[in-house]
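These notes concern the structure reproduced below.
The values are calculated or read from the model by the stated rules, or taken from the named source; none is laboratory data. The model shown is predicted, which means the values in this text are computed figures rather than measured ones. With ideal geometry, Cβ positions are generated from the backbone for all residues, glycine too; neighbour counts draw on all protein chains shown. SASA here: full protein model, heavy atoms, side chains in, ligands and nucleic acids out. Shrake-Rupley method; radii C 1.70, N 1.55, O 1.52, S 1.80 Å.
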Amino acid sequence: MSSNKNKTSLVWFRNDLRIQDNTTLSKAILENNTVIAIYCFDKRQFKKDSFGFKKTEKYRAKFLIETVQDLKTQLQKLNIPLYVYFDNTELCIAKLEKCFNFDALYLQKEWTSEENNILDKVKNIWHKNFPIYELYNQFLYHPEDVIFELDKLPKIFTEFRKNVEKHSKIRTTKSIYNTNFNKDLIENNKTKIPTLKELGFANFTPHPNSAFPFKGGEKEALKRLNNYFFKTKKLCIYKKTRNGLIGTNFSSKFSPWLANGSISAKTIYWKVKEFETLYFKNQSTYWLIFELIWRDYFKYVSIQHQSKIFKIGGILEKKYNWHTNFEKVNKWVNGKTNQPFVNANMIELQKTGWMSNRGRQNVASYFTKTLQLDWRIGAAYFESLLLDYDVHSNYGNWMYVAGVGNDPRDRKFNVKLQADRYDTNGNYQRLWLQNTLF
């Protein structure tokens with residue numbers, strides 16, 4: 001550790017856009033005399049994919065801008081400048097490297113193909129050997145703390161959950177130490193965070209009926225956590241309300257901040273434990289942790305199966321008679337199917353960038369099991385629109401619903417019965433289908 005002192009290193013932020021409990025940032029601060037940070041709005045993330053959808057639509061773009069603004073503010077308090085660019089990442093890092101002649105690179109460990117390809121480009125563009133520290137920074141249960149080999153991951157979630165709950169411990173959160181870095185570095189940073197217009201979008205205001213009216217950034221994530229847990233104590237009824245459809249408090253709404261790393265799963269876990277100590281423990285407090293374990297499971301699935309999670313046969317390599325009828329796809333996208341409950345959810349997504357968990361399961365089941373459309377098209381559309389897009393959870397859930405993932409039962413949702421059960425009085429459908437008969 002001491003050998004790296006008095007040197008300058010770069011922290012490359014990706015989906016770990018926070019100060020608290022950030023292993024990568026903590027390690028860089030402890031091991032270096034000067035730390036520079038970078039975040040790139042990579043141009044490739046704002047282009048159209050092979051199905052014709054923008055990889056990142058306006059909702060997530062706005063949320064990301066807000067997040068990076070907050071990150072820059074928090075880093076300034078540590079005398080760490082955040083250089084922000086809108087370009088291909090490897091070009092941005094190469095530009096900074098020429099200015100600072102870095103001695104090391106610190107970043108969150110990723111393993112999916114796009115992220116690895118960009119890292120390879122970064123390695124190829126730098127002309128000297130230097131240490132690269134890739135650290136797992138997004139798990140509840142760290143890979144070093146599970147007892148099974150990653151290639152022997154339990155095939156069923158329940159087995160995974162029981163295994164980690166019994167044999168693995170959740171690490172404590174990492175603290176950030178005070179720094180004595182040079183304040184002049186902040187003033188010398190002339191880079192600016194791109195606007196929505198510069199990213200290719202018109203400015204907009206959130207929809208008045210949005211179930212997620214919150215802003216991006218670690219500060220907002222911690223504010224929401226404090227409100228949901230300790231001010232309103234909605235945590236204590238989470239299990240009862242989590243299948244709700246309308247409003248901000250039927251679920252925790254942590255997922256968008258978790259997705260870009262504005263808050264860590266461990267931070268949420270230990271706050272649940274604090275709530276249980278101060279007040280009480282019940283099924284709801286456990287169920288929030290249960291959902292965090294599901295999130296971990298999908299990450300482990302993607303580590304184990306790598307690019308299979310993007311293949312049409314999924315991790316089971318199953319063959320179905322999938323279709324690519326884009327007339328049907330467009331009707332699904334625009335809420336013009338013969339199922340009002342599906343339509344309401346799709347219109348909510350289109351107008352807000354948000355959809356409930358119950359809605360997601362139903363529209364995905366309808367897309368794959370009723371329309372029999374290539375599930376990867378639906379997954380790509382979710383990637384484009386959802387505020388809380390996370391590659392592992394998104395593709396893991398779509399495989400699950402399509403019958404090519406971790407669910408051997410290959411279920412199909414009865415959308416009409418689901419609507420009757422979860423939207424008994426039709427309030428949700430009326431909210432989003434105001435000009436449509438149903």
>> Would you confirm whether or not the range 183-193 contains a residue that is under 30 Å from Gly353 (Cβ atoms) and either open to solvent by 60 Å² or more (accessible area, probe 1.4 Å) or not in a loop (DSSP other than H, G, I, E, B) (or both)?
In response: yes
> Of all residues in the range 132-153, which are in a loop (DSSP other than H, G, I, E, B) and either in contact with a Phe, Trp or Tyr (Cβ under 9 Å, 6 or more places away or on another chain) or touching a residue at least 60 places away in the same chain (Cβ under 8 Å) (or both)?
Replying inline: Tyr136, Asn137, Gln138, Phe139, Leu140, Tyr141, His142, Val146, Phe148, Leu153
> For the range 323-357, which residues satisfy the criterion of being over 19 Å from Ile312 (Cα atoms), open to solvent by 30 Å² or more (accessible area, probe 1.4 Å) and in contact (Cβ under 8 Å) with a residue 40 or more places away in the chain?
Replying inline: Gln339, Pro340, Lys351, Asn357
> So, in the range 358-384, of the ones that are open to solvent by less than 10 Å² (accessible area, probe 1.4 Å) and among the β-branched types (Val, Ile, Thr), which residue ends up farthest from Lys412 (Cα to Cα)?
Replying inline: Ile377
> Quick check: anything in the range 310-330 closer than 30 Å to Gly217 by Cα and not small (Gly, Ala, Ser)?
Replying inline: yes
> Of all residues in the range 157-177 being open to solvent by 80 Å² or more (accessible area, probe 1.4 Å) and touching a residue at least 12 places away in the same chain (Cβ under 8 Å), which is farthest from Pro143 (Cα to Cα)?
Replying inline: Tyr177
> What is the number of the single condition among (1) out of contact with any Leu (no Cβ under 8 Å at 6 or more places or on another chain); (2) at pLDDT 95 or above; (3) open to solvent by 40 Å² or more (accessible area, probe 1.4 Å) that Tyr422 does not meet?
Replying inline: (1)
>> Scan the range 32-42 and tell me whether some residue there is surrounded by fewer than 24 Cβ atoms within 10 Å (Cβ to Cβ), among the acidic types (Asp, Glu) and either more than 18 Å from the chain's Cα centre (by Cα) or modelled with pLDDT under 95 (or both).
In response: no
